[in-house]
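In what follows, a single structure is set out as C-alpha cells and then discussed.
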C-alpha cells in the first residue's frame, strides 16, 4: 500500500526509555479505568448532584476527559475511544439538564473557556471523524453562518464576548452583577479599573459599576481577542471537509485581527466595538476588553487564543505570515522583560508558577509582563513557552528557534531540569524538551517518563481521597485535579510535537503512527517510539519492538493531519546475521549496524515492519505542509 522498510537491527538490551514508555502506557490503562469507576456514572456523566448557578462550569466538565481520546490516538487501549465517546455524550446530557447547553453546545460564554471545552471534541474528531463530523460542522456553523447571530461579516467581528448556541444570551452575567469572588479580586483585580476615581472607597459588590452596569455597557458587547480561539473550531471543520467557505472565514476573521494588530504597533488589541472600531467603547483604549490585556489574565488568555488563530490561518491559507499575528506581541513582551526572582514579581497566577518553578522561585530569571492598563505594563511572570514553541514547531524558521534560544539564555535557570507537576494545560515541560532536541540532554526521555509516572500515581492517590466526595459547585475542579491521564511526555517523545494549546488548539506533530494489524491509530502493543530531532531535513525516529515473539507493523504518518510529505529517508540496518555466533558459542558478537537509503517515499505514509525483538532508526527528510490537512488515514481507499 505504501513504501515499506523492515527493521533488521536486533534488540538485545532494550533502551530504558522504551521500557519506561510501555510501562507508562500500562499504568495509564489502569488509571483511566480507576477514575471511571470512582467518579462517573454508567452513562458517562460525572457524579454530581449540585446545580450550576453561574455561566461558568461547562469547561470543567469536559476538561476532565480532554486527553483521553488523545491517549487512544497515541496507542492507548482499544476500548478507550468508546469510553471517551460515552463520557462526551454523558456530560453533554448532564450539562443540558443543568441548563448550560442548547443543541449540545455552550449557550454563551467566553472563548477562554469554550476553547478548553472543545479539546475533547477535537480529539474525538481526530480518532473517529466519521462519527463526530456532524456535530463538529454544526458547531462551526454557529460562527460561519451569520444567521446564528454570532458573526458580523461586514465588520468581521464576533458580536459579543459571551457567544454560542443561544442568540438570546446577552451580556456577561445573569442577575445584577458579575460573580467575582473576593479571592479572585485579590489575585486579578477588577475590569474597567479606571471607572472609580483614585482613592474612591470600595463600593458594595452588587453595586460596583466595574461588575455591573458599566461592565455590561462597555465590555459586554463587541469582539474581544480571546474570540480568536473560535478559529480552531472552524479549522477543525475545514480539516473534516476541505470546504472553501471555512477557509474563507478563517482568512477573513483572523486576517482582520492581524490588520488591527499591525495598526497597533504589532500588539493585538483586545476589544472591538460593534461598529468595528478598536477601543470604540473604551475611550480609544486598545486594552480593557473582556478577558483582555487588563483583566483578568492578559497574555495568558490572549497569547493562547492568538496562536490558535495564527496557526489556523497559516494552515488554511498556506501563508505563514499569519504567524505575525503573534510574533510582534511576543517580541514586545520580551522587550519589556525584567530579570528578577519570581518571589519579587507581581504575578497574579502564583498557583501555576510556584509549582512549576519549585526551588527556582528564588532564582533571578527573565520575567515578561502579561497585562497592560492605564499604568502601563504589569503582572510579570516567566514566559509561557507553549506559544513560542508552537510557532517554532509550525514554521521550523530560524528566527523562531533563535527567539527560544534567547529566552533560554536569559532564563537564569537550567532548562534541563525536569519536575513532576500538574499544570492546568497538562503541559509546561517545553524547556527541557527543547534542551533535549538541541542535543544537550540525552537523559530527558527517561526523566520525563518518570515524572509522568509520578503525576499519574499522585492523581490516583488524590482520587482515592475524593472519590466519595459529594462534590459541591465550588469544588468541581476536583475532577480535573484527579484525572490521572497524562499525555505531554508521550506527545513530545513519540509524536515529536508540543502538547496541544489548551485554550482550543489542534494538535501539532512531526509524525504519528497507526497499528497496521489492528487498523487503528496509535502505536501497537509493545512498540515504543522516540523522536529525537524535529529538523524537517533530518527528523529522527527510533522504533523498538519489545515483543520477543510477535512482529508488529507500524504505519508512520508525516504530520498530525498527514499534511507533510516524506521525500526520502535513510534507516539503520544489520545485514550480517553472524552476530548470533556459532552453535557452541556462549555469547554473541556485537551486531554491525549500517545505514541504508531507500527510494523516495513522496507521500505522507511509510510502512515499517518490525520483526520480534528488533529496532530501527529512521532519518526522514520532510517537506512541511505540502498537503491539504485532513483526517484521512493510511487505510482509506
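Just for segment 584-614: of the residues that are under 33 Å from the mean Cα position of the chain (by Cα) and over 19 Å from residue 516 (Cβ atoms), which one is modelled with the highest pLDDT? This residue is 602.
Of all the residues in segment 499-557, those that are under 24 Å from residue 315 (Cβ atoms) and in a strand (DSSP E or B) number 15.
Collect the residues in segment 599-624 that are out of contact with any strand residue (DSSP E or B) (no Cβ under 6 Å at 6 or more places or on another chain), under 19 Å from residue 541 (Cβ atoms) and in a loop (DSSP other than H, G, I, E, B), keeping them in residue-number order. Matches in segment 599-624: 599, 602, 611, 613, 624.
Of everything listed in (1) under 27 Å from residue 371 (Cβ atoms); (2) surrounded by 14 or more Cβ atoms within 10 Å (Cβ to Cβ); (3) without any contact (Cβ under 8 Å) to a residue 24 or more places away in the chain, the single unmet condition for residue 148 is (1). What are the residues in segment 453-489 that are crowded, with 23+ Cβ neighbours inside 10 Å and over 17 Å from residue 65 (Cα atoms), if any? If the condition is that a residue be crowded, with 23+ Cβ neighbours inside 10 Å and over 17 Å from residue 65 (Cα atoms), then 489 is the only one that fits.
Filtered by the rule that a residue be in contact (Cβ under 8 Å) with a residue 40 or more places away in the chain and touching a helix residue (DSSP H, G or I) at 6+ places or on another chain (Cβ under 7 Å), segment 530-548 gives 530, 533, 534, 544, 546. Contact map, segment 471-484: residues that are free of Cβ contacts under 8 Å to residues at least 40 places away in the same chain paired with residues that are assigned to a helix (DSSP H, G or I), Cβ distance under 8 Å, separation 6+ or inter-chain. Pairs shown: 478/466. Considering each residue of segment 178-193 in turn, at least one proves to be at negative phi, in contact (Cβ under 8 Å) with a residue 24 or more places away in the chain, in a loop (DSSP other than H, G, I, E, B) and surrounded by fewer than 19 Cβ atoms within 10 Å (Cβ to Cβ).
Would you mention how many residues in segment 321-349 are out of contact with any strand residue (DSSP E or B) (no Cβ under 8 Å at 6 or more places or on another chain) and in contact (Cβ under 8 Å) with a residue 40 or more places away in the chain?
Step one: of segment 321-349, the residues out of contact with any strand residue (DSSP E or B) (no Cβ under 8 Å at 6 or more places or on another chain) are 321-332, 335, 343-344.
When the remaining residues are screened for being in contact (Cβ under 8 Å) with a residue 40 or more places away in the chain, the result is 322-332.
Residues meeting the conditions: 11.
Touching a residue at least 60 places away in the same chain (Cβ under 8 Å), buried (at least 17 other Cβ atoms within 10 Å of the Cβ), over 19 Å from residue 58 (Cα atoms) and in contact with a helix residue (DSSP H, G or I) (Cβ under 8 Å, 6 or more places away or on another chain): is that true of residue 129 in this structure? So residue 129 passes the test. Filter segment 351-369 down to residues that are without any contact (Cβ under 8 Å) to a residue 24 or more places away in the chain and under 24 Å from residue 291 (Cβ atoms) and give me whichever is nearest to the chain's Cα centre (by Cα). Only one residue fits best here, namely 351. Entry remark, segment 558-591: residues being touching a residue at least 24 places away in the same chain (Cβ under 8 Å) and part of a loop (DSSP other than H, G, I, E, B) number 10 in total. Hey, does segment 149-167 have a residue that's touching a strand residue (DSSP E or B) at 6+ places or on another chain (Cβ under 8 Å) and assigned to a helix (DSSP H, G or I)? Within segment 149-167 (the criterion being touching a strand residue (DSSP E or B) at 6+ places or on another chain (Cβ under 8 Å) and assigned to a helix (DSSP H, G or I)), the answer is no, since none of the residues qualifies.
Of all residues in segment 1-59, those that are closer than 30 Å to residue 161 by Cα and crowded, with 17+ Cβ neighbours inside 10 Å total 8. Counting residues in segment 225-246 that are in contact with a strand residue (DSSP E or B) (Cβ under 8 Å, 6 or more places away or on another chain), under 23 Å from residue 189 (Cβ atoms) and either in a strand (DSSP E or B) or modelled with pLDDT of 95 or more (or both) gives one or more. Take the conditions (1) over 30 Å from residue 315 (Cα atoms); (2) surrounded by 20 or more Cβ atoms within 10 Å (Cβ to Cβ); (3) without any contact (Cβ under 8 Å) to a residue 40 or more places away in the chain; residue 376 misses just one of them, which is (2). Residue 161 - would you say it is surrounded by 13 or more Cβ atoms within 10 Å (Cβ to Cβ), at pLDDT 95 or above and within 24 Å of residue 260 (Cα to Cα)? Spelling it out, residue 161 is indeed surrounded by 13 or more Cβ atoms within 10 Å (Cβ to Cβ), at pLDDT 95 or above and within 24 Å of residue 260 (Cα to Cα).
Tell me, which helices (runs of 4 or more DSSP H) wholly within segment 1-118 include 1 or more residues that are within 30 Å of residue 295 (Cβ to Cβ) and touching a helix residue (DSSP H, G or I) at 6+ places or on another chain (Cβ under 9 Å)?
On the way: elements: 16-39, 58-62, 68-74, 80-97.
The qualifying helices (runs of 4 or more DSSP H) are 58-62, 80-97.
Here residue 484 fulfils each of the conditions (1) closer than 28 Å to residue 332 by Cα; (2) part of a loop (DSSP other than H, G, I, E, B); (3) over 16 Å from the mean Cα position of the chain (by Cα) apart from (1).
The values are calculated or read from the model by the stated rules, or taken from the named source; none is laboratory data. The shown structure was predicted, so the numbers you read here are calculated from the model rather than taken from an experiment. Virtual Cβ from ideal backbone geometry, glycine too; neighbours counted across all protein chains shown.
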